[in-house]
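Student: Below is a structure I'd like to ask you about.
The values are calculated or read from the model by the stated rules, or taken from the named source; none is laboratory data. This is a predicted model, so every value here is computed, not measured. Virtual Cβ from ideal backbone geometry, glycine too; neighbours counted across all protein chains shown. The accessibility values were calculated without ligands, DNA or RNA, using every heavy atom of the protein model including side chains. Shrake-Rupley method; radii C 1.70, N 1.55, O 1.52, S 1.80 Å.
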Amino acid sequence: MVEQEFDVAMLGCGIMGSAMARTAQRKGLRVIAWDRSLESARSVGEGVTAVGDLQTAASKAHVVVTMLPDADAVLEVMDQQHGLDAVKPGCAWVQMATIGLNGIQRAQQLANRRPGVLFVDAPVSGSKGPAQEGRLIILASTDASDLPPRVTKLFEALGQRTMQLGKTGQGTRMKLVLNAWLSQLMEGLAETLAAADSLGISAQQLRDCLEGGPMGPPLVIAKLQKIDAGATGETEFPLKWADKDVHLAIEAVKSTRQRSLPVLETIARVWDRALQQGLGDRDVSAAYLAVVS
Ligand code: NAP
């Protein structure tokens with residue numbers, strides 16, 4: 001039987017956490033929002049309970065979601081700041097940020113200290129728009145035999161579908177694979193647009209050729225429009241987190257000692273430079289600005 005009433009705590013109310021908290025609340029769940037800035041938690045909006053104290057947020061919830069930037073931030077909140085200590089026995093910690101293989105292992109080791117708390121590795125595919133619309137793809141994996149109904153209900157609220165990928169870590173592996181692909185699409189678009197510009201082809205002409213055809217996936221068309229509109233400052237997926245994910249994918253594949261990924265390694269170098277140029281807080285589509293600057 002699915003319990004109808006339970007509380008979800010969203011730890012981290014940035015682009016994704018705030019959109020996911022709003023969506024969960026709109027879909028009928030009770031949501032508590034916590035962020036290191038109370039202002040960010042409050043800005044999630046009406047119907048969501050903003051809480052300034054981490055322990056209070058974690059202790060009141062049945063499902064605690066971490067949606068923080070990276071592994072260090074997740075460990076800082078759940079370990080050093082004792083977020084996990086506050087989670088009640090029988091509740092779940094659902095780790096939905098992109099923290100890489102080493103990061104998920106560190107988080108799992110921490111979670112093992114609390115055997116009564118279920119740990120779920122569940123990064124998401126999809127950006128701000130899908131998070132606002134409840135159309136994310138949830139990449140779930142756990143060592144438990146089943147996801148508890150409360151967690152399933154949260155995933156149904158947030159996602160268009162949940163992929164159940166096996167043991168803890170498989171969700172993170174899939175996320176790294178997907179973002180390796182995303183980064184190649186984005187850098188490919190950046191250089192294609194730069195090539196078009198050099199050859200006297202406008203962004204609109206390029207879009208007219210690609211849109212609706214096999215070479216123009218919707219994400220590429222949307223980002224092409226964003227670049228053409230000069231709107232890379234309207235950030236959906238920050239370039240700094242996309243660059244983080246490229247490094248995480250390279251590191252994860254390297255750890256298997258099976259092969260190298262020369263294109264991904266080049267993207268990491270190019271995007272590291274873009275961050276040094278101050279483009280990190282812009283949308284990932286600002287990779288174009290690094291190519292043409
Ligand atoms: P974001 O907008 O930067 O939000 C992160 C939030 O965490 C901010 O409110 C930030 O506060 C807070 N924070 C940062 N460091 C912290 C710390 N040490 N302790 C406590 N709070 C901290 O990031 P996002 O785009 O929502 O992404 C969150 C995660 O989801 C990342 O792992 C990202 O890779 C992943 N993701 C993002 C997208 C996307 O399209 N945006 C899609 C899928 C997955 P401040 O504002 O004070 O820094």
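Student: Looking at the chain, what % of its DSSP beta bridges pair antiparallel, to the nearest 5?
Tutor: Of those bridges, close to 15 percent are antiparallel.
Student: Right, here's the next one. Heads up, I need the accessible area for Met67: 1.4 angstrom probe, whole protein in place, Å², nearest 10.
Tutor: Surface open to solvent at Met67 totals about 30 Å².
Student: While we're on this one: So if each residue of separation counts as 0.36 nm, and I subtract the Cα-Cα distance between Gln258 and Ala203, what length gain in nm does that give?
Tutor: Stretched fully, the Gln258-Ala203 segment lengthens by 15.9 nm.
Student: Now for a separate question. Averaged across orientations, what area in nm² does the convex hull of the alpha carbons in the stretch 6-167 project?
Tutor: 7.8
Student: So what does log10 I(q)/I(0) come out to for the chain at q = 0.13 Å⁻¹, using the Debye formula with one equal point on every Cα and no solvent?
Tutor: The Debye formula, applied to the Cα set alone, gives -0.89.
Student: Which whole DSSP H helices in the chain pass both tests: a Cα extent of 27 Å or more along the axis and a mean Kyte-Doolittle value no lower than -0.5?
Tutor: Those that clear 27 Å and a mean of -0.5 are 170-198.
Student: Can you list the residues of the stretch 81-113 with backbone N under 15 Å from a point 7 Å past the Cα of Gln55, pointing along Cα to Cβ?
Tutor: 81-88
Student: Using Cα pairs closer than 8 Å and at least 6 residues apart in sequence, work out the relative contact order for the stretch 177-293, in percent.
Tutor: 39
Student: By a straight-distance test (C-alpha under 20 Å), which aspartates and glutamates pair with Lys254 as possible cross-link partners, with residues fewer than eight away in the same chain excluded?
Tutor: List returned: Asp70, Asp243, Asp245, Glu265, Asp272.
Student: With unit charges on the beta carbons (Lys and Arg positive, Asp and Glu negative) and the dipole taken about the Cα centre of the stretch 114-262, which residue among Thr162, Pro148, Met186 sits farthest to the positive side?
Tutor: About the Cα centre, the residue reaching furthest to the positive side is Pro148.
Student: Quick one: accessible area per residue over the stretch 173-292, 1.4 Å probe, rounded to a whole number of Å²?
Tutor: Using a 1.4 Å probe on heavy atoms only, each residue of the stretch 173-292 averages 53 Å².
Student: Give me the percent relative contact order of the chain, please, defined on Cα pairs under 8 angstrom at least 6 residues apart.
Tutor: Here the relative contact order equals 14 percent.
Student: Could you list, in their original order, any pairs among Lys60/Lys128; Lys128/Lys175; Lys128/Lys167; Lys167/Lys223; Lys153/Lys226 whose Cα atoms are separated by more than 22 Å?
Tutor: Violating the 22 Å Cα-Cα cut-off are Lys60/Lys128; Lys128/Lys167; Lys167/Lys223; Lys153/Lys226.
Student: Compare Ser145, Ser202 by solvent-accessible area with a 1.4 Å probe and give them largest first, with all protein chains kept in place.
Tutor: Per-residue accessible area, sorted high to low, gives Ser145, Ser202.
Student: Same structure again: Ala231 to Arg161: FRET efficiency via 1/(1 + (r/R0)^6), r the Cβ-Cβ distance, R0 51 Å, to the nearest 0.05?
Tutor: Given R0 = 51 Å and the Cβ-Cβ separation, E is 0.95.
Student: Taking 7 Å along the Cα-to-C-beta vector as the label spot, tell me the His247-Gln109 distance in nanometres, rounded to one decimal.
Tutor: 1.9
Student: Here is a follow-up. Mind ranking 253-266, 278-291, 99-112 by how tightly packed they are, going by the mean number of other C-beta atoms within 10 angstrom, highest first?
Tutor: 278-291, 99-112, 253-266
Student: Give me the dipole magnitude in Debye, nearest 20, for the chain about the Cα centre, with unit charges on the beta carbon: positive for Lys and Arg, negative for Asp and Glu.
Tutor: 580
Student: Using the alpha-carbon centroid of each, what span in Å lies between the stretch 231-293 and the stretch 176-195?
Tutor: 9
Student: Calculated from DSSP H runs of 4 or more alone, at -39500 (n - 2.57) each and per residue, what is the 222 nm mean residue ellipticity of the chain, nearest 500?
Tutor: Computed ellipticity for the chain at 222 nm equals -15000 deg cm²/dmol.
Student: Quick one: order Ser18, Ser198 from most to least accessible surface, probe 1.4 Å.
Tutor: Correct descending sequence by accessible area is Ser198, Ser18.
Student: Which residues does the label zone of Ser43 cover in the stretch 108-148, counting backbone N under 14 Å from a point 7 Å along Cα→Cβ?
Tutor: Answer for the stretch 108-148: none.
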